[in-house]
Structure formats: structure tokens, C-alpha cells
Ligand code: ADP
Ligand code: MG
Ligand code: MG
């Protein structure tokens, strides 16, 4: 079995298809090498070795890979003409992690490995650059110390121990930048760093290059089980047994002086999706300098640089002299890079996120991967690639991550409110969106307030969890490719980075701008699209959907066969859903209409009535109100079917429980307070979810079913009279026996018939049922003899199949998820294994009687991607979900066909 795959010199053992084995980084390094992109030679230790390591431990694994690694180092030596550990002509390598999917900054990398007190001298002589040699050495100790030897800040208010040493030296020397250290400074740093390591770990810093190498390989394996990686994995549902690959690669040096540098670039704009090459670089820098924001990075293209200068309010002359773009500073390197980015995007047929390094005038590419992007960019790039004929329609649809569409539907700042907003500073528009919240300064305190904005000098992978919780992220340092920016875009979270005017004091927990001080808990607002930082709260409004979004939706409808309806209880919801493309209503809950102030009284009178006559009187009061509601909904959905469910919840939910309200009700009804109290007590149930609700209400109080039917049919006729088309579908809830349905159906059909006669007019309508009790699914064939349609109420069906009370599940479900008893919350993601069987059986048995039986779903699951796909596979006619999930369901419905 091969455990080590080599790449370099325009060839490779692996390729980009082998991400599972080589990790994303390794597979793409191999691919790039094979298609002739200049990649420093190296090799990849497979993810399987990581899995072996987790089972067998260090010793077993090292002996497994020793020979292959040694031989592969020799191969690099041959290609580079240098020698690992050699004093005169040393080879230094980087040891890089790389799982099968990119987890930016989640795992660890060590650069400049193979250097020690002797090698550094040789390196200095060979390169005639003593400053560079010592800078590389201090960087190595710093990274190796952190990644392999576990050097950490003492507490969260403290900075990294090595950073602290550097800061102190800078202060002593009166300098600001890492590049300003003298050779002697760097030597002092190396000495002090080693000293700090010895003090904190009790061991000498390892000087043997091979010890360094094995240590780093093991550390990369370990990083797969580090807190950051675990959190990231859990967030995305990646399994633990994937493991990470390890890439060992010849170093190329961006820190050799003014003819060297390093940078990050994107083939398109990851925030907006615009087709413009963009990125950032730093002269005389290495590795993560750009991402970590140690200095303000410069732009790659002239266009980008000009845009940046406008935002930063920098004059053109100043920009050109002090912050030139790579295009202006090193035109021929830029041209080469531009050619590679085009080649790579063409090759992978998707937006790429690349790393490069310039060593003394020669360009090297160190990484390419599919770039993380915002929801808006995702949609625009897919449509643009389709128009550029790079991908076909099916591919364009598959490029859309359903849940990410959600971002596009989120509110934006109200332009009117923005006119009067106080802008306190400006940063880079790193990830678009509108966020308002209270200031917090530490990621682990993001949940201190209900809505918080995480304000940091810069973020690190440690902060991931807090970034996820916060509504927005603001950093004082770092550019468009900084950690904060990249991660925020991936999360679809609003982010402003590099707001240099902010002075942040972690110890005092303050943010100072222009002498004005803001404290933890103060409100601020971020406009991620402009980079404006605004004092206080700003109102938001609904977003306008883009043309590309509309195109994706049109394309979805072209491919999908299953329809998407919405759950809507009001004309407003219905209109919103229709604007999102809903093809009807799958569920209108009539009870919500009863909770309005003026109606609840009539409702209560109806419930508390002792006689049928009293009840009818109250129902007569309710009738016109319901009819009006239904008319509004039918009009909003004119021409499309509207499923209305009859009264479902336990009556107990409607009666007053407070003495004051009970008293006024008694007065209104001219009965004693005592009588009200008794009635309320009578309605009390031990287990209301399994109690007197659903069709059981309509059977005990047939007048309710009759009133609701009358309201629906009259409303439909009224709408018809206005020249619009109403298509009512009346739905009986909580049916468990055939007879239950029959009794209700008779009332409905008789009432409708009466109304038709009264009006001397008629309209088509359907009478169907919810399938939400397991027994109904099992007896679906019998029910289908009478029912016109089925709608799976998977909320109740899940509750009853699992036997988990939805209202009490919060007591144990979190524990279940934590302990792995359940993988996901079955109320969120349809349990295909169990509940899904009932859905299948119900559909099959129903259709065995009526082959064309209309079947749909109206639980929360109707908008959850994996559940929607399941519904398609079962052969449903439609799914129904909340208005804001409609676009997602439309997309998934198309993806399911492809
Ligand atoms: P991550 O996955 O966090 O991006 P990487 O393994 O890509 O980590 O490496 C971190 C940084 O070091 C990147 O900027 C990368 O370009 C740089 N780097 C990695 N290997 C080399 C190398 N052989 N020569 C020069 N720079 C390198
Ligand atoms: Mg890293
Ligand atoms: Mg990288």
C-alpha cells in the first residue's frame, strides 16, 4: 500500500480526484504540478495514515512511513539541488495539514523546518542574506513552538508568548514592523524564543532536523483532533474518521527582501461574485503574514488597489507611491500570476482561492482550492459560469448550496435609516450583510447578549465558535483575505475587517475611535457591503432579490417536477411566499386567526357555552371574521390551491388562565366567575397533545366544522364573484380511523352543498386529510377511498412515532445529540429510517386505491433540504414550507431530479 504520494517538476503520483486520500490541498498540489503550474516539490502522507495513527499510535505509524518519507525527502533534494539538514546547502520544508475539505486555519502548518543553529549560518552564507536566514529561523521556532510544543498565551487577555517577546523588543527599539528588526534583533529573538520554550515546556528546543520533521508530522495528525478542528467538523457534520493528510514541501521564501513576497488571490470576488481577479500581497513576507494581518496588505490588481484607496480615503499619488498593486510593482510577475489564475479557474471550472509566493523574482503557486463565498456570490458565480459556457444548467443548479440561499433573503439596512446614521469609522467590506448588536471583545463571550457583534484586533481559528454565534464581526487589522474575512464569508456572516482607526483594549474592554470610547454591551451596527461602522442600532428591511437569484429559481422550476407550496396563515405571508415562487398553500392554520384580541372573546364564549345554541351564537360571531381571513388568503393565492386545516389545537389553549381575564369574561357572558373557573378546570388535560384536539373537536362539536366550512366556501364564492379563481382544499386534522374522516367529510360536504344552494352558485373543492397519526399511515388505503388528498404532518407524525413530546423534548434532545444517541434532531431533519417508512407506506397504500392521489408534506421538514429530497423520492406532488424556505425547497426539488 502506498502511503506517500510525490509531486513536483511537472509530474505527480496523485491528482485532484484523490481528495479523500490526499486531502484537498495535497490532491490539488498534485494536479497543479501535473498541469505545469510551478509548485515547489514535495509529498503527501495519506489521510489513511492519520486514521492509523489514531488507532495505533505514534511509534507504529512512524515505522510504517519511515522509509517512504526518507526516500521522498531524497527526491525533493534531487529536484531542488539542496540537502535536508545540510550545513552548507540546506533544504528547508513546510509541513502542512490538509483534510479532504478545506477547513481554513482549522489545523496546523509549520514553515522553515530543518533549520538550527548551524543550518542558519549556512543558509545565510548561501543566500548572502543573513537577515533572511535569521528571520526564517525565528519564524520556525515561533511556529514549531506553537504547533508542536504547545506554547500558548497564559490567558485570553494575554498575547502569544512569542508575540509578547517581539512586542517588547519593538518597543525597546522604537520600531513598528516585523520587517524592521535588525539582524542582531533576530538573533536575540531566536535566543529568547528558545529560552521561553525551555522555561514553559522544560525541554530544549529540538535541533535535529529529522526529529523536527517527525514531531511536526505527528503534530499535524494531532491537530485533526484539536478543539478548533472538532468544532469545525461538528458544525459541518464531517465525520471524525476522515483524518487529515500531511504535506511536506520544499520551502520557497517570500522573505528574502524587496524582490520577494507572498499573497493570496481569488479568481472572482468572493463577496459579490463579480468576475474580477482580486487579492492581496505583502513584499518581504512569508506564509500567513497576509492572512494574519501583521501589516496592511496591498492589492494585487490596479483596479482593486484603486477601490481600496477610495475606501481608505487615500490620495492617488500616495497610493501609487506607498501602496502600489502587484500589477504596478512587478508587472511581469503579475502577468504570470494572472495567466495561472485563468488557467486554474478554467481547469477546475469554479472560482479558485490561491496562495502564491515570490522568491527573488520567481513566482511559485502554493495552493489552490474552490473558494469559499457568500450566498450572493455563490448564485452570481454559478449563473455567470453558465453564461460563459463553462458549466451546464444542471451543474449550475448543483453548485448552489440550498441552505446558503437563506443569506440572500435576510434583511438589509433601511436606506432611510442609513441617511441619519452616525458612521464612526470605516473598514474593508469583507463579507456583506447588515448586522446590529452589542459589542463583545472575546469569542467565548459572544453569547453574553442576545445579539452581539464580535470586535477583535484580529481573529484566529480559536474564535470560530464565537464568530458563529455573533451577528457580525469587526476587526481592526487584516485585509480582505484575513482569517476573519474568509471565515465570515464562508458562514455568510457580515464582517468588516482592517478598520485601522479602531483602538481596541482587551483588558479594559473598550473600543476607542477618534477619542470616543465604546464599551462592552454598547450597540453598534455593521454594513458589510460598504464597510461602514455605525453607532447604535439601525433598522432593517427586506432585501431585493437579484436577477441572478431569479435566474436560479427559474432554472429550478424548469427541472423540478415536485411543486413547492407554503405554510401561510395570513394574506401577508401568502403574498411574501408567492413572491418567492410558492405554487399554492399547503397549510393554513385556522387557529392562529382566533388569537387576535377581538376574536379571542367570541372564541372563548364558544368554548365555554353550555348548550349547542349558545355555541352556535358564538360561532355566528366568528363566521364573518373567518370568512374575511380566507377571502384575503384566496385572493393573495388566486389561481393556486389553498389547503385550509380545520381547528386543531386543544381548546384549553384558548381559555383564560388569569383571574382578571376570567372575571371580565364572566361579566361579558353573564355567568358567574365560579362557572368560568369550573369550565377552565374541566378543559385541563394531562396530555393535551394526545387529548381533545384535531378532528376529535369537530366530532364532539360538529358546529365548529360546519362554521369553518361555511366560512371557507362562502369566501371562495365571494372571490369567484370578483372574477378571481379560488381553489379551496379542506383538510381534516389528526385522523386515526376511517370513520373519523367519514364523519367530518359528511359535515363538510353537506355544509358546502347548503351554501351552494343558498348562493345558487358552486365551486370545485377538495376534502382531504392530514396523515400524522401512525395508524392513519397504516390504514391509508382505507382512508384514500374517501379522501381527495393526503398531507403528511410530519411534526406530529415524528412526535407520535418516536413518542417524544415536542414540547418537552428540549429536556433530553440536547443530551441525546451530545451523547450521539441521535445524530440529528428529528423535528428538524425528517427521520427517513423510521418516520420515513410511515410516509412511504402511507403514500403507497393511498395510491394503491387512488393512483393519482395528491400527496404532500406540511411539517417543518418541508423546507429542510435532505427531507425535501426524500419527499421527491417518495413521489410526493408537493412540499409545503414557511415562506422564507420556499426558494430553498424549489432548488432542492430541482437538484433531486438531477
Ligand atoms: P492553511 O491550510 O492554514 O492555509 P497552509 O498549509 O496552506 O495552511 O500554509 C500556511 C501558509 O504557509 C500559507 O500562506 C502557505 O502559502 C505558506 N506555505 C506553506 N508551505 C509553504 C512553502 N513550502 N513555501 C512557502 N510558503 C509556504
Ligand atoms: Mg494553518
Ligand atoms: Mg493555505
- Query: Of all residues in the range 71-110, which are part of a helix (DSSP H, G or I), away from ligand 1 (no atom under 14 Å from the Cβ), within 14 Å of residue 250 (Cα to Cα) and over 40 Å from the mean Cα position of the chain (by Cα)?
  - Reply: 74, 75, 77, 78
- Message: Please go through the range 355-394 and give me each residue that is over 18 Å from the mean Cα position of the chain (by Cα) and within 16 Å of ligand 3 (Cβ to nearest atom), ordered by number.
- Response: 355, 356, 357, 364, 365, 366, 367, 368, 369
- Task: Identify all residues within the range 718-737 that are crowded, with 18+ Cβ neighbours inside 10 Å and in contact with a helix residue (DSSP H, G or I) (Cβ under 7 Å, 6 or more places away or on another chain); write none if there are none.
- Result: 718, 719, 726, 728, 730, 732, 733, 734, 735, 736
- Criterion: free of Cβ contacts under 8 Å to residues at least 60 places away in the same chain and either assigned by TED's automatic domain parsing to the domain that holds residue 117 or within 16 Å of ligand 2 (Cβ to nearest atom) (or both) - qualifying residue of 33, 94: 33
- Message: With the structure loaded, tell me whether residue 140 is within 16 Å of ligand 1 (Cβ to nearest atom), touching a residue at least 60 places away in the same chain (Cβ under 8 Å) and crowded, with 20+ Cβ neighbours inside 10 Å or whether it fails that test.
- Response: no
- Boolean, residue 278 is touching a helix residue (DSSP H, G or I) at 6+ places or on another chain (Cβ under 9 Å) and more than 16 Å from ligand 2 (Cβ to nearest atom): yes
- For the range 793-883, list the helices (runs of 4 or more DSSP H) that sit wholly inside it and hold at least 2 residues that are touching a helix residue (DSSP H, G or I) at 6+ places or on another chain (Cβ under 9 Å) and touching a residue at least 12 places away in the same chain (Cβ under 8 Å); which are they? 794-802, 835-849, 865-874
- Message: I'd like to know if the range 312-328 contains one or more residues that are closer than 29 Å to residue 472 by Cα, assigned to a loop (DSSP other than H, G, I, E, B) and within 16 Å of ligand 1 (Cβ to nearest atom).
- Response: no
- Task: Need at least 2 residues that are modelled with pLDDT under 90, surrounded by fewer than 17 Cβ atoms within 10 Å (Cβ to Cβ) and not assigned by TED's automatic domain parsing to the domain that holds residue 713 per element, so show me which strands (runs of 3 or more DSSP E) inside the range 558-657 make the cut, counting only ones lying wholly within it.
- Result: none
- Message: Quick test of your reading of the structure: residue 55 fulfils all but one of (1) within 38 Å of the chain's Cα centre (by Cα); (2) more than 16 Å from ligand 3 (Cβ to nearest atom); (3) surrounded by 16 or more Cβ atoms within 10 Å (Cβ to Cβ). Name the failing condition by number.
- Response: (3)
- Task: Mind listing whichever residues of the range 329-358 are more than 16 Å from ligand 1 (Cβ to nearest atom), in contact (Cβ under 8 Å) with a residue 60 or more places away in the chain and either surrounded by fewer than 19 Cβ atoms within 10 Å (Cβ to Cβ) or part of a helix (DSSP H, G or I) (or both)?
- Result: 338, 342, 343, 345, 347, 348
- Flag for residue 216 being within 16 Å of ligand 2 (Cβ to nearest atom), in a helix (DSSP H, G or I), surrounded by 23 or more Cβ atoms within 10 Å (Cβ to Cβ) and modelled with pLDDT of 95 or more: yes
- Which of the residues belonging to the range 676-691 are within 46 Å of the chain's Cα centre (by Cα) and assigned to a helix (DSSP H, G or I)? 680, 683, 688, 689, 690
- In the range 258-278, which residue that is within 16 Å of ligand 1 (Cβ to nearest atom) and not in a loop (DSSP other than H, G, I, E, B) is farthest from residue 479 (Cα to Cα)? 261
- Query: Out of all the residues in the range 234-243, is one or more in contact (Cβ under 8 Å) with a residue 12 or more places away in the chain and either surrounded by 23 or more Cβ atoms within 10 Å (Cβ to Cβ) or on the phi > 0 side of the Ramachandran plot (or both)?
  - Reply: yes
- Report yes if some residue within the range 51-65 is closer than 20 Å to residue 287 by Cα and touching a helix residue (DSSP H, G or I) at 6+ places or on another chain (Cβ under 8 Å); otherwise report no. no
- Message: So, residue 87, is that one modelled with pLDDT under 95, more than 27 Å from residue 490 (Cα to Cα) and either surrounded by 21 or more Cβ atoms within 10 Å (Cβ to Cβ) or away from ligand 2 (no atom under 16 Å from the Cβ) (or both) or not?
- Response: yes
- State all residues of the range 295-311 that are buried (at least 19 other Cβ atoms within 10 Å of the Cβ) and in a loop (DSSP other than H, G, I, E, B); if no residue qualifies, say none. 297, 300, 301
- Only one of 241, 269 that is more than 16 Å from ligand 3 (Cβ to nearest atom) and within 23 Å of residue 338 (Cβ to Cβ): 269
- Message: Being at pLDDT 95 or above and within 16 Å of ligand 3 (Cβ to nearest atom) is the requirement here; does residue 293 meet it?
- Response: no
- Task: Pairs only if they're at least six apart or on different chains, beta carbon under 7 angstrom, first in the range 727-741 and on the phi > 0 side of the Ramachandran plot, second outside any helix (DSSP H, G or I); list them, first residue then second.
- Result: 734/648; 734/693; 734/694; 734/770; 734/772; 734/773
- Message: If a residue must be over 14 Å from residue 859 (Cα atoms) and either in contact with a helix residue (DSSP H, G or I) (Cβ under 7 Å, 6 or more places away or on another chain) or in the same structural domain as residue 733 (by TED's automatic domain parsing) (or both), how many such residues does the range 779-792 contain?
- Response: 9
- Task: Could you list, in sequence order, all residues of the range 351-386 that are over 20 Å from residue 8 (Cα atoms) and within 16 Å of ligand 2 (Cβ to nearest atom)?
- Result: 353, 372
- Message: Please verify whether residue 679 is surrounded by 16 or more Cβ atoms within 10 Å (Cβ to Cβ), in the same structural domain as residue 748 (by TED's automatic domain parsing), within 19 Å of residue 606 (Cα to Cα) and in contact (Cβ under 8 Å) with a residue 24 or more places away in the chain, treating the condition exactly as stated.
- Response: yes
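The values are calculated or read from the model by the stated rules, or taken from the named source; none is laboratory data. Model, not experiment: these values are computed from the prediction. We place every Cβ from the backbone using ideal geometry, glycine too, and count neighbours over all the protein chains shown.
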